[in-house]
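Notes follow the structure.
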Amino acid sequence: MAGKTLYDKLWDQHLVRQNEDGSSLIYIDRQILHEVTSPQAFEGLRLAGRQPWRIDANLATPDHNVPTTARSGGVDEIVDPVSRIQVKTLDQNCDDFDIVEFKMNDTRQGIVHVVGPEQGMTLPGTTVVCGDSHTSTHGAFGALAHGIGTSEVEHVLATQCLIAKKMKNMLVRVDGELGAGVTAKDVVLHIIGVIGTAGGTGYAIEFGGSAMRSITMEGRMTICNMAIEAGARVGLVAVDEATIDYFKGRPFSPSEAQWDAAVAAWRELVSDDDAQFDKVVEIKAEDIIPQVTWGTSPEMVVDVKSTVPDPDKEADPVKADGIRRALSYMGLSANQKITDIALDRVFIGSCTNSRIEDMRAAAAVVKGRKVADNVKQALVVPGSGLVKAQAEEEGLDKIFIEAGLEWREPGCSMCLAMNPDKLGNGEHCASTSNRNFEGRQGFGGRTHLVSPAMAAAAAVTGHFVDVRELVAE
Amino acid sequence: MKKFTSHTGITAPLDRANVDTDMIIPKQFLKSIKRSGFGPNLFDELRYMDEGQPDQDCSGRPLNPDFVLNQARYQGASIMLARENFGCGSSREHAPWALDDFGIRCVIAPSFADIFYNNCFKNGLLPIVLDEAQVDQLFKEVEAEQGYQLTVDLERQVVVTPSGTEFAFDVDAFRKHCLLNGLDDIGLTLQQADDIKAYETRRRQEAPWLFDAIK
């Protein structure tokens, strides 16, 4: 019998019951709640007169709606009344049901996918869900993590389980050594360019290969975060020493008495050598250089040294039509050089790239430089209050402010523009977020997805530039 | 949950691939704490010429005449025909809520994004996968004939065209059962509470660090 993949092992460990009709009941160890996708779930519980199955499996924090400007006035001073009600509703629901919540002005507040691992809430071998598609982030730790809808948020609250169907296994193997200045974001954008935005639909993707082993935990989170942009609900990386080290001393990590047993269990969380994958994609690390998206889907991505595609050279009519539509929305012409795209705004943040290493990478590029005149705004939004504090301890905030960037309070911010941080109609933005969909960052806004170093380079030059050349200067 | 057994309705063709959930319901409408009322903002940025705001009366807003749901021949549409990877992006269940609130009961496409597909079944909405050639044929037929209606029979798992051609589709037995009977998932799972408790007892032995840590 063939060995098991990491995904197979995680699935088997959480299988409560296999039903005759082919559906399975899967146990959920951890649920993270935020203000946007939970209110209707709590309302559903109340209407049915149900209580949460297990309080200690849940953690909540508001992130999507919160302002990132000074907020010492608290929730009552959130200007947008609809956002204010949503944040207050989360506070009220957590108070009513006794769920641990890091409220808006708690230093531990932040983006759910930054906070979960930072607190040791996410652990190797756990199942983690959240009403947010970027829950795939937590797979970086060998956790089975995926986004769910609000009905399923309610289902997990009420039963601690999900009715699920097993996914297929895909291995994306990145072998070799990444070049200097090439980051995890470039790796995942490149992968999405190769397999396409629906290439991973129906699969759990394990990211493996020698290059993955040299990527830090934060970089692995960036990669798993965007598995969903390749269509896969689940991204995974096998546990190694870096994974285990990450959890030492985190607030919700196993206690000292439990630590050795936990680590022994975690070490099993790798795919067996003879495991069978339904699909294998091989990528050479040396082929990857800094990436920039030009269109309105994350798969519309090219090398920074490249040009915008020409729809007349695309044989597939549906794809050619998609390219034309995207060029029109983005205000770009076929064959235009990527480095000729001028920028109006820059956004460094989001659950993809708002951790301390991202802050450091961006600060290293802008240090001693100034935001270009044509860039109206360059925002830096740390992923949590703790990331913010760490960055300030290292003096990164001063570097950003000195260079003319804005240093903000933690939250999702301009990634999806539910709070006041948004693009104007027709504005181009170099963004470290995860989605370049039409209108995502604001009505008519034009998003280009890049790494933090590339966004920082764009901020100080006013257009895209290969950050490796800028830093080498 | 609303039952879905068989449905016949006007079919509207949305001829683009990778329709994402930001497109189906833009983020400013996600601030609602309700499950209903999203219909007027379904496809807001494609449907209207201006930028929509939550709680706005949409009746006087300028419509985009090119958008399929604004065209006279597709008024009252309850079945949507779409291209590959429909519903990609965010997990927002507001997307099926908006489709449902607008009156769409069924979406037919060559493929769907996983989370959206799953969310549909929780809301009495049926997503149907047909192969690309079949979807292509339906696009041609619906564009050629005013008032084109399809019939979707979940019991028999077929899509029936006006000329009587039938296209069979797959659906999980469990999901089909829930849709046909309008069953509440949570109620069904709670019938298995003993299994869940037995699992927890075992798991507490194997991995005690997973319990009582977050408080």
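Name the residues of region B:32-81 whose accessible area falls by at least 50 Å² when all protein chains are present instead of the chain alone, probe 1.4 Å?
B:33, B:35, B:45, B:51
Mind checking how much accessible area B and A bury in total, 1.4 Å probe, in Å² rounded to 100?
6000
Distance between Cα centroids, region A:311-389 to region A:233-282: provide it in whole Å.
Taking the Cα centre of each part, region A:311-389 and region A:233-282 sit 32 Å apart.
Given charges of +1 on the Cβ of Lys and Arg and -1 on the Cβ of Asp and Glu, with all other atoms neutral, how large is the dipole of the protein assembly as shown about its Cα centre, in debye to the nearest 20?
For this selection, approximately 640 debye.
Along its three principal axes, how long is region A:1-122 when you only count alpha carbons? Whole Å, largest extent first please.
Sorted from largest, the Cα extents of region A:1-122 read 61, 34, 21 Å.
How about region B:119-183: which trypsin sites (Lys or Arg not before Pro) there lie in a loop by DSSP and see at most 15 other Cβ atoms within 10 Å?
B:156
Could you name the aspartates and glutamates in cross-link range of residue A:319, using Cα to Cα under 18 Å and dropping any fewer than eight places away on the same chain?
Answer for residue A:319, where 18 Å is the Cα cut-off: A:229, A:299, A:310, A:438, B:15, B:20, B:84, B:131, B:132, B:136, listed by chain and number.
Taking the Cα centre of region A:335-381 as the origin, how large is its charge dipole in debye, to the nearest 20, when only Lys and Arg (+1) and Asp and Glu (-1) carry charge on their Cβ atoms?
Computed about the Cα centre, the dipole is about 140 debye.
Antiparallel as a % of all DSSP beta bridges within the protein assembly as shown, to the nearest 5?
Taking every DSSP beta bridge with both residues in the protein assembly as shown, the antiparallel ones total about 30 percent.
Can you say what percent of the DSSP beta bridges in chain B, counting only those with both residues inside, are antiparallel? Round to 5.
Of those bridges, close to 50 percent are antiparallel.
Nearest 10 degrees is fine. How inclined is helix B:132-144 to the longest principal axis of chain B, computing both from alpha carbons?
40
Using a Debye calculation, one point per C-alpha and no hydration shell, please list log10 I(q)/I(0) for the protein assembly as shown at q = 0.11 Å⁻¹ in order.
Scattering profile of the protein assembly as shown, log10 relative to I(0): -1.14.
So how strong a dipole does region B:6-171 carry about its Cα centre when Lys and Arg Cβ are +1 and Asp and Glu Cβ are -1, to the nearest 20 debye?
460
Just the number, please: percent antiparallel of the DSSP beta bridges in region A:293-469, rounded to the nearest 5.
Antiparallel bridges: around 20 percent, rounded to the nearest 5.
Can you work out ³J(HN,Hα) from phi for every residue in region A:200-215, in order, using Karplus 6.51 cos²θ - 1.76 cosθ + 1.60 and θ = phi - 60°, giving whole Hz and x for Gly and Pro?
Each residue of region A:200-215 in turn: x, 4, x, 10, 9, 9, 9, 9, x, x, 5, 5, 5, 5, 8, 8 Hz.
Long-range amide H contacts for residue A:297: which residues qualify at under 5 Å (H placed 1.01 Å from N, peptide plane, sequence gap of 5 or more or a different chain)?
Distant-sequence amide H within range of residue A:297: zero hits.
Which one of A:1, A:292, A:335 has its Cα pushed farthest toward the positive end of the charge dipole of chain A, where Lys and Arg give +1 and Asp and Glu give -1 at the Cβ?
Comparing the listed Cα positions along the dipole, A:335 ranks first.
Please list, in chain and number order, the residues 5+ apart from residue A:466 or on another chain whose amide H is under 5 Å from its amide H, with Hs placed from the backbone.
Distant-sequence amide H within range of residue A:466: zero hits.
When only DSSP loop residues count, what GluC sites (Glu not before Pro) in region A:123-177 have their Cβ near at most 16 other Cβ atoms within 10 Å?
A:177
Which whole-number value in Å² is the accessible area per residue of region B:6-171, probe 1.4 Å?
The answer is 35 Å² per residue.
Can you list, bin by bin at 5 Å, the percent of alpha carbon pairs in region A:115-197, starting at 0?
It works out to 3, 11, 17, 22, 19, 14, 8, 4, 2, 0, in whole percents.
Over 31 Å between Cα atoms, which of A:284/A:422; A:168/B:176; A:422/B:34 qualify?
The answer is A:284/A:422.
Cα-based Rg (one decimal) and Dmax (whole number) for region B:19-64, in Å?
Gyration radius and largest Cα-Cα distance of region B:19-64: 10.0, 28 Å.
Karplus couplings for region A:151-164 from phi (6.51 cos²θ - 1.76 cosθ + 1.60, θ = phi - 60°), rounded to Hz, Gly and Pro as x?
Karplus values, whole Hz, x for Gly and Pro: 4, 6, 4, 5, 4, 5, 4, 7, 10, 6, 9, 10, 8, 9.
Would you mind classifying chain B by shape? Square roots of the alpha carbon gyration tensor eigenvalues, ordered a ≥ b ≥ c; an a/c under 1.5 is rounded, otherwise it is prolate if a/b is larger than b/c and oblate if not.
It is oblate, given that a/c is not under 1.5 and a/b is not larger than b/c.
Would you mind telling me the share, in percent, of accessible area of chain B contributed by carbon and sulfur at probe 1.4 angstrom?
The C+S portion of the solvent-accessible surface of chain B is 46 percent.
The values are calculated or read from the model by the stated rules, or taken from the named source; none is laboratory data. Computed from a prediction, not measured in an experiment: that's the story for all the values here. A quick note on method: Cβ atoms are made from the backbone with ideal geometry, for glycine too, and the neighbour counts reach across all protein chains shown. The area values use the complete protein model at the heavy-atom level, side chains included, leaving out ligands, DNA and RNA. Shrake-Rupley method; radii C 1.70, N 1.55, O 1.52, S 1.80 Å.
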